[in-house]
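Quick one: structure below, then a few questions.
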Amino acid sequence: MHENEKPKEITSVLKTVLHKGSEPVALHEPLFEGREQDYVKDCLDSGYVSSIGSYVNQFETALCRFTGAIFAAAVVNGTAALQICLKLAGVQPGDEVLVPALSFVATANAVCYCDAIPNLVDSDIDSLGINADKLDGYLKEIAVIRNRICYNKRTGRPIRTLVVMHTFGHPVQLDRILRVCDDYELTLIEDAAESLGSYYKNIHTGKFGKLAALSFNGNKIVTTGGGGAILTDDEYLYREAKHLTTTAKLPHRWAFVHDEVGYNFRMPNLNAALGCAQLEQIEKFLCLKRALAEEYEKAFACIQGIRFFTEPSYAKSNYWLNTLILSEENALLRDSILEETNRQDIQTRPAWTLMNRLPMFRDCPKMDLSTAESLERRIINIPSSAKLGKPFVPSENDAP
Ligand SMILES: *Cc1c(COP(=O)(O)O)cnc(C)c1O
């Protein structure tokens, strides 16, 4: 096949898997097929729509039950959850925090909200997350440990914290990551915004870090409209998380006494009502999404020069965002594939621009980022909504 045919060939495979009719296909849409209307209406009827009400507690309990986390604190969004995770992990102003260069901007932004500096880490081709071996090599070169604190020899700044992110839902190699954390006295935080329903060796992601952040934005695996949560197994950290995210107000029937500069980050009850209904359906969402991923895997198996990314062998992934990876020789075709698919109303998009290429992070310390750079050129995300995993039922409008 001639090279210029590739975008058309890929679009046609996508159309087949998606049973594409006349409707545009979005990258990721939420599905409201459960008790969303009932719970939201009940919340409105109760009058308790914001900072007080029973849905927040119910949602937190359901999150704990599903993930196996001992504590969960629901907050306004995933970015705020990350910010509080970092603060509670002990990130100090002037620290460096190791973060993946290939991530949504929120991961690095949260570091800056703590007046700390992102130190950018390369990716692993098998997980798309942080490459533990390469990170180990980097730290061997730049790190020195004094009084059980790791310092960057080049900058003199402490490195106390490592944030991993489970890219598009695929868990990172956590055993190796935890070994690096041990060796260099680093506290692990998980940006699990994309990995609700993803497991590393049968344990839910978010259970490995001292704290973890979830997101319930409209495009995530379940949604609360906007929302996030902090997971931890440490009761003290949980209490601090609750306190900090509710303006650090001391409990009292009428007095307003706050004992530190807190945040107004608590999830409103109205959002939690939606979240309760969504979480009741998560197993169904995961089944549909895995079914869709299987269809993609089969359909792309025989297509040259492009590979459908599948979960690492140690993991069970939620397949939050399905991913195609072009071969190096085909990387230059990425933009014409994005053009052609979007022109035909199939929403696709490239990976995020690497953090080191965004103006605010240009001068951040970083290691060799060759794998992340290569992935950035070659990744294409394709439609991933749970409803696309449904068995196809032809409608009258789609009749030829
Ligand atoms: C979605 C997401 C977040 C948080 O997003 P919010 O929109 O603030 O809920 C953080 N990190 C990653 C990697 C994400 O994908």
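The values are calculated or read from the model by the stated rules, or taken from the named source; none is laboratory data. What you see is a predicted model, and the numbers here were worked out from it, not measured in a lab. Counting neighbours? That spans all protein chains shown, and the Cβs are built from the backbone with ideal geometry, glycine included.
A quick yes/no check of all residues on (1) farther than 26 Å from Cys114 by Cα; (2) at pLDDT 95 or above:
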{"position": "Thr11", "(1), (2)": "yes, yes"}
{"position": "Leu14", "(1), (2)": "yes, yes"}
{"position": "Gly21", "(1), (2)": "yes, no"}
{"position": "Gln37", "(1), (2)": "yes, yes"}
{"position": "Asp45", "(1), (2)": "yes, yes"}
{"position": "Leu82", "(1), (2)": "no, yes"}
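Another question, then. Within segment 189-203, which residues are away from the ligand (no atom under 16 Å from the Cβ) and either in contact with a Ser or Thr (Cβ under 8 Å, 6 or more places away or on another chain) or polar (S, T, N, Q) (or both)?
Hits for segment 189-203 are Tyr199, Asn202.
Here is a yes/no grid of residues against (1) under 25 Å from Ser215 (Cα atoms); (2) out of contact with any helix residue (DSSP H, G or I) (no Cβ under 8 Å at 6 or more places or on another chain); (3) charged (D, E, K, R):
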| position | (1), (2), (3) |
| --- | --- |
| Arg290 | yes, no, yes |
| Tyr296 | no, no, no |
| Ala331 | no, no, no |
| Asp335 | no, yes, yes |
| Glu340 | no, no, yes |
| Lys366 | no, no, yes |
| Ala386 | yes, no, no |
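Which one is surrounded by the most Cβ atoms within 10 Å (Cβ to Cβ), of the residues in segment 299-325 that are over 22 Å from the mean Cα position of the chain (by Cα) and of a type in the set (A, V, I, L, M)?
Per the stated criteria, the residue is Ile306.
Moving on to the next point. If I ask for residues that are part of a helix (DSSP H, G or I), within 28 Å of Val13 (Cβ to Cβ), out of contact with any strand residue (DSSP E or B) (no Cβ under 6 Å at 6 or more places or on another chain) and not β-branched (Val, Ile, Thr), which ones from segment 335-382 would you list?
Asp335, Ser336, Leu338, Glu339, Glu340, Asn342, Arg343, Glu373, Ser374, Glu376, Arg377
Name the single residue that is nearest to the chain's Cα centre (by Cα) among those in segment 21-74 being among the acidic types (Asp, Glu) and assigned to a helix (DSSP H, G or I). Walk me through it before giving the result.
Looking only at segment 21-74, we keep the residues that are among the acidic types (Asp, Glu), and these are 23, 29, 33, 36, 38, 42, 45, 60.
Subsequent filtering for residues that are assigned to a helix (DSSP H, G or I) retains 36, 38, 42, 45, 60.
Details: Glu36: 23, Asp38: 29, Asp42: 30, Asp45: 33, Glu60: 19 Å.
So, considering only residues that are among the acidic types (Asp, Glu) and assigned to a helix (DSSP H, G or I), the one nearest to the chain's Cα centre (by Cα) is Glu60.
Yes/no matrix, rows are residues, columns are (1) away from the ligand (no atom under 16 Å from the Cβ); (2) modelled with pLDDT of 95 or more; (3) surrounded by fewer than 16 Cβ atoms within 10 Å (Cβ to Cβ):
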{"site": "Arg65", "(1), (2), (3)": "yes, yes, yes"}
{"site": "Phe71", "(1), (2), (3)": "yes, yes, no"}
{"site": "Val75", "(1), (2), (3)": "no, yes, no"}
{"site": "Ala110", "(1), (2), (3)": "no, yes, no"}
{"site": "Ala116", "(1), (2), (3)": "yes, yes, no"}
{"site": "Lys134", "(1), (2), (3)": "yes, yes, no"}
{"site": "Ala143", "(1), (2), (3)": "yes, yes, no"}
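If the requirement is being under 17 Å from Cys364 (Cα atoms), in contact with a Pro (Cβ under 7 Å, 6 or more places away or on another chain) and touching a residue at least 12 places away in the same chain (Cβ under 8 Å), which of these qualifies: Val91, Val97, Val105? Even if it seems obvious, please write down each step before you answer.
Values: Val91 fails: in contact with a Pro (Cβ under 7 Å, 6 or more places away or on another chain); Val105 fails: in contact with a Pro (Cβ under 7 Å, 6 or more places away or on another chain).
The unique qualifying residue is Val97.
Something else now. Under 7 Å between Cβ atoms, at least 6 apart or on separate chains: pull out the pairs that start in segment 191-206 with a residue that is within 11 Å of Ala69 (Cβ to Cβ) and end on any residue that is part of a strand (DSSP E or B) and away from the ligand (no atom under 12 Å from the Cβ).
From residues that are within 11 Å of Ala69 (Cβ to Cβ), the pairs are Thr205/Tyr199; Gly206/Leu231.
Further question: How about segment 238-285: which of its residues are among the hydrophobic types (A, V, I, L, M, F, W, C), within 30 Å of Lys387 (Cα to Cα) and either without any contact (Cβ under 8 Å) to a residue 24 or more places away in the chain or in a helix (DSSP H, G or I) (or both)? I'd like the intermediate steps shown before the answer.
Going residue by residue through segment 238-285, those that are among the hydrophobic types (A, V, I, L, M, F, W, C) are 241, 244, 248, 250, 254-257, 261, 265, 267, 270, 272-274, 276-277, 279, 282, 285.
In the following step, the residues that additionally are within 30 Å of Lys387 (Cα to Cα) were identified as 267, 270, 272-274, 276-277, 279, 282, 285.
Result: Leu270, Ala272, Ala273, Leu274, Cys276, Ala277, Leu279, Ile282, Phe285.
Among the strands (runs of 3 or more DSSP E) lying completely within segment 120-230, list those that include at least 1 residues that are of a type in the set (S, T, N, Q).
149-152, 159-165, 187-191, 211-215
Same structure again: In the set Pro93, Pro100, which member is within 16 Å of the ligand (Cβ to nearest atom) and out of contact with any helix residue (DSSP H, G or I) (no Cβ under 6 Å at 6 or more places or on another chain)?
Exactly one of Pro93, Pro100 is within 16 Å of the ligand (Cβ to nearest atom) and out of contact with any helix residue (DSSP H, G or I) (no Cβ under 6 Å at 6 or more places or on another chain), namely Pro100.
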